[in-house]
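Here is the structure we will look at, set down as structure tokens.
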Amino acid sequence: MRKPQISLLTVSVTVASLLLASTTTFAGHHKGYKENYKGEVPCPVELILKDGLYVGLQAGYDSYRTVADIDGVDGLLASSIPPISSPFALAISTDPRINSTGAVGGGFIGFGKYFESFYNTYLALEIFGNWSGAQSDAEVTILNPRSPVNPAGVAYIDLLQTSFQVNSNYGVSVLPGIKLNNATLLYIRLGYNWANVDANVTVGANMAATPNPLLNQGIFRSNSGSDTIGGFNYGLGIESTFYDNWSIRGEYAHTSFNSVSANTIFSSNQFTSADNQFMVGLIYHINM
């Protein structure tokens, strides 16, 4: 029986075939690996609130509540020289409430610093300025029991009209806070706020309500007061980043203002206000 013989040519062809197969398989695996690598979604960059210098724009809603303390007389004079109060003059003492509401908006600039080694706390100093459209009127009707009825048989009344308008406000605040996470900050606002306001009082004495306008005319005394009032400003807010150097915040702040006067010849009128302000702000953090 003859033993099988393997020729050198057969061995060479077999080895070459194995090498070619293994090279192709490796190349195929290697190519697939590169394609999968290129197709992978890169890891997202974590958003982090930045400190340093920042600027922003804000808009919201102003809600002023004003108490108008009115003390005096309705301004009726007797027909004598020198003029003296008429026996029909009526003392007025009232305090109508005026709710002045409207849109508010403006800008701010500040500088903040995170203290991560100290319980992730934060502190900023900020200057702000806003335009305000808050305005409202109030009207009080008072029956004058001391005056006789007019020729049409209608009793006279006194008409008290008050108005309060806010033109702008500006101030400075410190903002201490704490970082809730890398992207979110909770803070409080503590500072001082000034507001430019206009107040007006008009007293109409011996007014009547008849179809004849000539019988309805009374005696009017009015005065306006424009002033810059100030008060302690405090509130609470939250800020969160949403893209690179950009963040957005929302806050509520309250200010108790001092008084503004609008005195007439016959009355002393003091307007004392407090404001509740709701704001949303867009902030850009400047890389230093």
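Filter segment 35-72 down to residues that are among the β-branched types (Val, Ile, Thr), in a loop (DSSP other than H, G, I, E, B) and more than 28 Å from the chain's Cα centre (by Cα) and give me whichever is modelled with the lowest pLDDT.
Looking at the filtered set, the residue picked out is 41.
Restricting to segment 230-247, give me the number of residues that are more than 21 Å from residue 189 (Cβ to Cβ), open to solvent by 80 Å² or more (accessible area, probe 1.4 Å) and either touching an Asp or Glu at 6+ places or on another chain (Cβ under 9 Å) or part of a loop (DSSP other than H, G, I, E, B) (or both).
Total meeting the criteria: 1.
Taking the options 59, 91, 124, name whichever one is in contact with a strand residue (DSSP E or B) (Cβ under 6 Å, 6 or more places away or on another chain) and within 22 Å of residue 272 (Cβ to Cβ).
Values: 59 fails: within 22 Å of residue 272 (Cβ to Cβ); 124 fails: within 22 Å of residue 272 (Cβ to Cβ).
Only one candidate passes the filter, namely 91.
For segment 109-136, what are the residues that are open to solvent by 20 Å² or more (accessible area, probe 1.4 Å) and out of contact with any Phe, Trp or Tyr (no Cβ under 8 Å at 6 or more places or on another chain)?
116, 117, 118, 119, 131, 133, listed by residue number.
Between a first residue in segment 263-288 that is within 21 Å of residue 246 (Cα to Cα) and assigned to a strand (DSSP E or B) and a second residue that is open to solvent by 20 Å² or more (accessible area, probe 1.4 Å) and of a type in the set (Asp, Glu), which pairs have beta carbons less than 8 Å apart while being 6 or more apart in sequence or on different chains?
278/251; 279/251; 281/251; 285/51
Checking the structure you have, find out if any residue of segment 192-213 is of a type in the set (S, T, N, Q), open to solvent by less than 70 Å² (accessible area, probe 1.4 Å) and closer than 29 Å to residue 53 by Cα. Full working, then the answer.
Kept after step one, since they are of a type in the set (S, T, N, Q), are these residues of segment 192-213: 193, 196, 200, 202, 206, 210, 212.
Checking the rest, the ones that are also open to solvent by less than 70 Å² (accessible area, probe 1.4 Å) come to 193, 196, 200, 202, 206, 210, 212.
Add one more test, that the residue is closer than 29 Å to residue 53 by Cα, and what stays is 193, 196.
Looking through segment 192-213, at least one residue is of a type in the set (S, T, N, Q), open to solvent by less than 70 Å² (accessible area, probe 1.4 Å) and closer than 29 Å to residue 53 by Cα.
So in segment 138-180, with the set limited to residues that are aliphatic (A, V, I, L, M) and not in a strand (DSSP E or B), which one is surrounded by the most Cβ atoms within 10 Å (Cβ to Cβ)? Steps first, answer last, please.
To start, the set of residues in segment 138-180 that are aliphatic (A, V, I, L, M) comprises 138, 140, 142-143, 149, 152, 154-155, 157, 159-160, 166, 172, 174-175, 178, 180.
Subsequent filtering for residues that are not in a strand (DSSP E or B) retains 149, 152, 154-155, 175.
On the way: 149: 10, 152: 12, 154: 15, 155: 13, 175: 22.
My answer is 175.
The values are calculated or read from the model by the stated rules, or taken from the named source; none is laboratory data. Computed from a predicted model, the values in this text were never measured in an experiment. In this analysis, Cβ positions are derived from the backbone assuming ideal geometry, glycine residues included, and neighbour counts consider all displayed protein chains. Only protein heavy atoms, including side chains, enter the accessible area calculation; ligands, DNA and RNA are left aside. Shrake-Rupley method; radii C 1.70, N 1.55, O 1.52, S 1.80 Å.
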